[in-house]
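Structure first, commentary second.
The values are calculated or read from the model by the stated rules, or taken from the named source; none is laboratory data. Not measured: the values here are computed from a predicted model. We place every Cβ from the backbone using ideal geometry, glycine too, and count neighbours over all the protein chains shown. Ligands, DNA and RNA are stripped out before the accessible areas are found, and what is left, the full protein with its side chains, is counted by its heavy atoms. Shrake-Rupley method; radii C 1.70, N 1.55, O 1.52, S 1.80 Å.
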Amino acid sequence: MESEGEFVMMRPPQGGDGIDEGTDAYDTIDWLLENVKPNNGRVGLTGMSYFGFTTIQGLINPHPNLVATSAQGPPDSMWKGDDFKHNGILRLSPSFEYSYLMEGPDGEPFNFSQYPDIYDFYLEMGPLSNANKLYMHNKFPTWNNLMDRPNYEKYWESIDVIPYVKKLEVPNLLVGGWFDAEDFYGTCKIYEHFETLNSQNNFLIFGPWPHAGWMSSFGPDFPIEGDKFGPLNFHNLTSVYFRENIQRRWFRHYLHNTTSYYHKKVVSYQTGDFSWHEHDAWSNEHSTKLRIYLENTTDNCYISDPFKPIPYYPRPIAPFWTNKTSKGAWKVFDQRFMEDRDD
């Protein structure tokens, strides 16, 4: 963030003709090889979430010394299914707060100290146009794009990372969480695309984690060991297993030319039997498709009243990206706190 120039989150890849996250990765590897010695000439690249997105960009025109990558919880389409929009529906709190965090002048999160419940903040802000009038002042490119381009158009298509990766020359380990509400879409779509390019260099890990839960803690609801998720007990230290037996072995295998990585192409944790399963492909040959339909009743119309919201966890609601207590675990929270509502 202090390397001069203008930082623009989700800068469209330029295919090697301009400056983007991929060219930054290439230049950084050049610098490391020259300035961090001794080294064996083998470089690995990894990142989570947005930095999983930048890891994928490092594969567009990979540096010749890049021998292994691991894109973890990476987004692909910010309009279709990742982070900011899900099928075009804006996720207000994540979008506003992450734009401010990433493109703000000091890299600090937005100050909500006067709002113990941020729902009150967004309600008081009023229409989304007030975000620029009151707080952003048209200085945040990502927020401006979210406001100016509500529909799927050329801009959103230009930042979808999949079309830019034409070859998969470097082995990549994709990592995703079953409870990831931010970038589950991207992880699956990138794996699907990479299968068409080079299946032998395409590996996938799925565990019982929220977004980035395989490397992070979200307070008591999700400890860094990965043995539970809110009220769910997995009876195994799933995150520890991933870090010690999968990720570390993966990079040792390629960076130190060892035979330490012995897992199959796909490794997934099944929450039903509390164990890891390994597969030669995904989806595996034993899977079946099941269609589920909602019953057609007359009680399928609900009024959205902003003064009587239907929250996904009990208020007060904390900031999305800085909330270490319930950021991840809201997906499994007990919903009975709403049972006395008349709607």
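Things worth noting here:
- Accessible surface computed residue by residue for the chain, with neighbouring protein chains in place and a 1.4 Å probe, gives 55 Å² per residue.
- Local electrostatic count, GLY44, Cβ distance below 12 Å [Lys/Arg +1, Asp/Glu -1]: +3
- Taking every alpha-carbon pair under 8 Å whose residues sit at least 6 apart, region 172-284 reaches a relative contact order of 20 percent.
- Of all DSSP beta bridges in the chain, antiparallel share, percent nearest 5: 35 percent
- The stretch between GLU295 and VAL240 holds 15.6 nm of extra length on full extension. This uses 0.36 nm per residue minus the Cα-Cα distance.
- Note on the chain: with a GNM built from Cα contacts shorter than 10 Å, the maximum mean-square fluctuation among GLU278, GLU182, GLU108 falls on GLU108.
- Helices of the chain meeting both criteria, an alpha-carbon length of 24 angstrom or more along the long axis and an average Kyte-Doolittle score not below 0.0, with helices taken as full DSSP H segments, do not occur.
- Out-of-range pairs (alpha-carbon distance over 22 Å; input LYS228/LYS289; LYS80/LYS154; LYS189/LYS289; LYS85/LYS154): LYS228/LYS289
- Mean-square fluctuations from a GNM of the chain, with a 10 angstrom spring cutoff on Cα atoms, peak among HIS253, HIS63, HIS137 at HIS137.
- Theoretical ellipticity at 222 nm over the chain - DSSP helices of four or more residues, -39500 (n - 2.57) apiece, nearest 500: -7000 deg cm²/dmol
- Extreme residue, positive dipole direction of the chain, given options PHE121, PHE140, LEU232 (C-beta unit charges): LEU232
- FRET efficiency for the pair LYS265 and ASP340, taken as 1/(1 + (r/R0)^6) with r the Cβ-Cβ distance and R0 = 41 Å, rounds to 0.25.
- Accessible surface of region 113-161 [probe 1.4 Å, protein heavy atoms]: carbon and sulfur percent: 50 percent
- Surrounding net charge for LYS265, when Lys and Arg each add one and Asp and Glu each subtract one, Cβ distance under 9 Å: -1
- Taking 20 Å as the cut-off, the amide N atoms of region 57-79 that come nearer than this to a point 7 Å along the Cα-to-beta-carbon line of LYS37 belong to 64-66.
- Only the Cβ atoms of Lys and Arg (+1) and of Asp and Glu (-1) were treated as charged; on that basis the dipole of the chain about its Cα centre amounts to roughly 740 debye.
- Computed over region 230-296, the alpha-carbon pair-distance distribution with 10 angstrom bins reads 16, 35, 30, 13, 4, 1, each value a whole percent.
- Relative pair counts by distance (%), Cα atoms of the chain, 10 Å bins: 5, 22, 31, 27, 13, 3, 0, 0
- Since only MET10, ILE246, PHE110 are under comparison, the one whose Cα sits farthest along the positive direction of the charge dipole of the chain, derived from C-beta charges on Lys, Arg, Asp and Glu, is ILE246.
- Along the chain, longest interval not containing exposed trypsin sites (Lys or Arg not before Pro), exposed being DSSP loop plus at most 13 other Cβ atoms within 10 Å: 1-138
- Placing +1 on the Cβ of every Lys and Arg and -1 on the Cβ of every Asp and Glu, with nothing else charged, gives region 56-142 a dipole about its Cα centre of roughly 320 debye.
- Inter-probe distance in nm under a simple model that places probes 7 Å from Cα toward Cβ, at ASN144 and PHE333: 3.5 nm
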